[in-house]
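The values are calculated or read from the model by the stated rules, or taken from the named source; none is laboratory data. Since the structure is predicted, the reported quantities are computational estimates derived from the model, not experimental observations. Note that each Cβ is placed from the backbone with ideal geometry, even for glycine, and that neighbours are counted across all protein chains shown.
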Amino acid sequence: MKAYKKIIFIATGTIVGLVASAFVTDQYFEISKNLDIFSTAYKEVNTYYVDEIEPGKLVRAGIDGMLNSLDPYTNFYSEAEIEDARFLTTGEYGGIGASVVQHGEYVMVAELYEGAPAQKVDLRSGDIILDVDGKSTRNKNSGDISKMLKGQAGTEITLRIKRDNETIIRKIKREEIKLKNVPFSGILQDNIAYIKQTGFTNDAGKEVRDALDELKKTGKIKGVILDLRGNPGGLLHEAVNVVNCFVDRGQLVVNTRGKVKEWDKEYRTLDAGLELEMPLVVLTSRGSASASEIVAGTIQDLDRGVIIGQRSFGKGLVQNTRPLTYNTQMKITIAKYYTPSGRCIQALDYSHRNDDGSVGKVPDSLTHAFKTKGGRVVKDGGGIQPDVLVDVSKMSAIAKSLYEKDIIFEFANKYRNNHSVILPASEYNLNENEWEEFLKFIADKDYQYITETEKELNAMKQKAEEEKYFEAIKTDYESLKKKLSHDKIADLDKARNEIIELLELEITKRYYYQRASIESSFDDDQDIKTAIEVLHDTKRYDAILKAK
């Protein structure tokens with residue numbers, strides 16, 4: 001009987017082996033067949049297409065089309081783009097330390113980094129770049145000019161710029177630019193430490209640890225706010241290092257699982273934690289993704305801190321860079337990651353696409369419940385849901401128009417050219433005379449806008465026309481439309497505080513750069529206000545972290 005069972009087992013094993021072998025053979029045949037189809041199609045186009053083709057561009061379009069059918073994070077980098085790929089992981093590049101945007105036929109300096117070469121030679125936001133090393137920038141896009149501005153550290157570049165009605169020459173020596181992961185840290189009211197983290201490139205964990213260490217030296221800290229809002233993520237191991245600042249060594253932070261099982265891995269903290277007991281709040285927003293979500297998700301799963309803000313982006317995928325021939329590279333999605341509770345927060349299902357190529361969000365019915373260390377329920381499939389949700393304040397129509405049409409940006413440029421110094425960003429307030437200056441500045445500017453009520457009224461009109469009711473309500477519609485016709489002066493007065501807040505932010509950035517956009521917002525930032533309230537209310541803080 002035993003011998004019979006053994007024979008059956010051997011036979012079954014042989015059949016499984018044959019099936020697996022046949023599957024692999026079929027798969028390799030499909031790959032070989034389709035590569036041959038692509039090759040012959042390319043040869044036919046190259047031989048017979050009516051116009052001359054550029055082989056590199058044609059093949060690149062094919063590669064990009066293939067990768068676009070997968071997910072947005074699997075990308076090909078040509079030899080010329082390797083520097084851009086390096087910047088994504090290191091935060092370093094050779095250049096002048098300024099970003100540019102399109103402005104009509106030319107490009108304009110949008111933002112400068114504090115201490116960078118561009119700032120040292122007094123390049124300013126709003127400067128129009130007319131030429132670079134004698135080459136006109138006219139009709140070139142911002143990407144082209146950005147590449148011209150980058151180069152090996154130590155080399156010099158000459159810019160001819162237009163500022164107001166003046167033409168200025170600036171000679172700038174390029175340097176190795178390293179963007180900080182922690183551009184600002186400080187003490188807020190009542191001894192609350194605040195750390196703003198904007199990236200997860202090399203040394204992100206060290207920067208957070210160093211910032212926390214320095215803040216502790218200022219005296220007794222009652223709590224910590226780690227601000228990850230708008231942070232798009234980066235290196236997975238740096239997410240582990242950031243978590244390690246607040247939990248002890250040996251703690252599981254994340255594990256990855258993919259097709260190649262040999263690459264599946266657990267990531268644990270390696271060092272002693274710096275602050276294991278201090279109350280902690282992590283701020284998230286819709287723009288917090290990837291490594292930011294690993295940090296927030298792990299802190300939540302371990303009940304180590306309170307998550308406050310808005311639901312995060314929902315990117316639970318891991319990428320790895322693979323070298324290709326001719327010094328090219330590919331960044332490819334190799335796995336999904338799972339936080340300590342076992343959940344994957346990936347919000348979009350790229351493996352199943354709709355007929356139009358779009359992908360859908362994971363429906364609530366397909367999400368699963370998991371438990372934190374203390375027994376709280378958390379869910380997968382849709383980013384990190386904050387423990388305390390803060391509504392995002394909606395910008396008024398007039399403020400949005402002034403901002404999106406760059407009118408506030410232009411006024412800040414004019415202000416900077418007329419004022420050499422201002423108070424520190426945390427102390428600066430736009431005064432009455434400056435508000436009047438702004439009103440004069442926009443008097444002849446075009447900032448047409450439609451209020452939400454007007455949008456609803458227009459939608460009602462369209463619906464009434466479709467259903468043949470409009471003629472019956474036309475008189476009432478016209479009367480209501482006339483009453484709603486906005487008075488810009490009245491709307492400016494209603495939105496005054498909101499507009500002043502935007503002006504103060506944009507003006508202080510001209511003098512104090514990236515840290516200004518952080519400091520100047522403290523008084524009006526509802527997420528930070530809520531975080532401070534929670535950190536000061538021990539009972540509320542403990543209740544949030546307690547299983548219901």
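Would you be able to tell me the number of residues in the stretch 79-105 that are in contact with a Phe, Trp or Tyr (Cβ under 9 Å, 6 or more places away or on another chain) and over 19 Å from E176 (Cβ atoms)? Total meeting the criteria: 1.
Residue-wise test of (1) under 21 Å from A369 (Cα atoms); (2) assigned by TED's automatic domain parsing to the domain that holds I225; (3) under 24 Å from the mean Cα position of the chain (by Cα); (4) at pLDDT 95 or above.
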{"site": "P279", "(1), (2), (3), (4)": "no, yes, no, yes"}
{"site": "V282", "(1), (2), (3), (4)": "no, yes, yes, yes"}
{"site": "T298", "(1), (2), (3), (4)": "yes, yes, yes, yes"}
{"site": "I308", "(1), (2), (3), (4)": "yes, yes, yes, yes"}
{"site": "N327", "(1), (2), (3), (4)": "no, yes, no, no"}
{"site": "D349", "(1), (2), (3), (4)": "yes, yes, yes, no"}
{"site": "D355", "(1), (2), (3), (4)": "no, yes, no, no"}
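Filtered by the rule that a residue be among the aliphatic types (A, V, I, L, M) and either more than 17 Å from D144 (Cα to Cα) or touching a residue at least 60 places away in the same chain (Cβ under 8 Å) (or both), the stretch 109-133 gives L112, A116, A118, V121, L123. Checking each residue in the stretch 272-319 for being part of a loop (DSSP other than H, G, I, E, B) and in contact with a Gly (Cβ under 6 Å, 6 or more places away or on another chain) picks out P279, S285, G287, A289, S290, D303, R311, S312, F313, G314. The set of residues in the stretch 160-174 that are out of contact with any Lys or Arg (no Cβ under 9 Å at 6 or more places or on another chain) and among the acidic types (D, E) contains only E166. When R510, R496 are checked against the criterion of being of a type in the set (D, E, K, R), in contact with a Lys or Arg (Cβ under 8 Å, 6 or more places away or on another chain) and at pLDDT 90 or above, R510 stands alone in meeting it. The number of residues in the stretch 94-108 that are surrounded by 19 or more Cβ atoms within 10 Å (Cβ to Cβ) and either of a type in the set (F, W, Y) or in contact (Cβ under 8 Å) with a residue 40 or more places away in the chain (or both) comes to 6. From the list D493, D542, D487, D527, the lone residue that is without any contact (Cβ under 8 Å) to a residue 12 or more places away in the chain and under 21 Å from L280 (Cα atoms) is D542. Among the residues making up the stretch 112-127, those that are crowded, with 16+ Cβ neighbours inside 10 Å and either in the same structural domain as G234 (by TED's automatic domain parsing) or not hydrophobic (A, V, I, L, M, F, W, C) (or both) are Y113, P117, Q119, R124, S125, G126, D127.
Name the residue that is farthest from A296 (Cα to Cα), counting only residues in the stretch 363-391 that are outside any loop (DSSP other than H, G, I, E, B) and not hydrophobic (A, V, I, L, M, F, W, C). In this case the residue turns out to be S365. Between V224, V247, V208, the distinction of being in contact with a Pro (Cβ under 9 Å, 6 or more places away or on another chain) and among the hydrophobic types (A, V, I, L, M, F, W, C) belongs to V224 only. In summary, helices (runs of 4 or more DSSP H) completely within the stretch 464-532 and bearing 1 or more residues that are out of contact with any His (no Cβ under 9 Å at 6 or more places or on another chain) and of a type in the set (F, W, Y) occur at 470-484, 496-519. Within the stretch 144-199, the set of residues being polar (S, T, N, Q), surrounded by 15 or more Cβ atoms within 10 Å (Cβ to Cβ) and touching a Gly at 6+ places or on another chain (Cβ under 6 Å) comprises just one member, N181. Within the stretch 433-469, the set of residues being within 26 Å of I518 (Cβ to Cβ) and of a type in the set (D, E) comprises E434, E437. Report yes if L439 is of a type in the set (A, V, I, L, M), assigned by TED's automatic domain parsing to the domain that holds D524 and touching a Leu at 6+ places or on another chain (Cβ under 6 Å), otherwise no. So L439 fails the test. Restricting attention to the stretch 320-349, the residues being part of a strand (DSSP E or B), of a type in the set (V, I, T) and in contact with an Asp or Glu (Cβ under 8 Å, 6 or more places away or on another chain) number 1. For the criterion of being closer than 24 Å to P183 by Cα, at pLDDT 95 or above and over 25 Å from the mean Cα position of the chain (by Cα), K162 fails. When D523 is tested against (1) surrounded by 18 or more Cβ atoms within 10 Å (Cβ to Cβ); (2) more than 21 Å from D303 (Cβ to Cβ), exactly one condition is not met: (1). Could you say whether any residue in the stretch 229-250 is within 19 Å of L535 (Cα to Cα) and either touching a residue at least 60 places away in the same chain (Cβ under 8 Å) or in the same structural domain as Q514 (by TED's automatic domain parsing) (or both)? So far as the stretch 229-250 goes, yes, one or more of its residues are within 19 Å of L535 (Cα to Cα) and either touching a residue at least 60 places away in the same chain (Cβ under 8 Å) or in the same structural domain as Q514 (by TED's automatic domain parsing) (or both). Only one of the listed residues (E404, E436, E410, E432) is closer than 29 Å to H103 by Cβ and surrounded by fewer than 13 Cβ atoms within 10 Å (Cβ to Cβ). That residue is E436.
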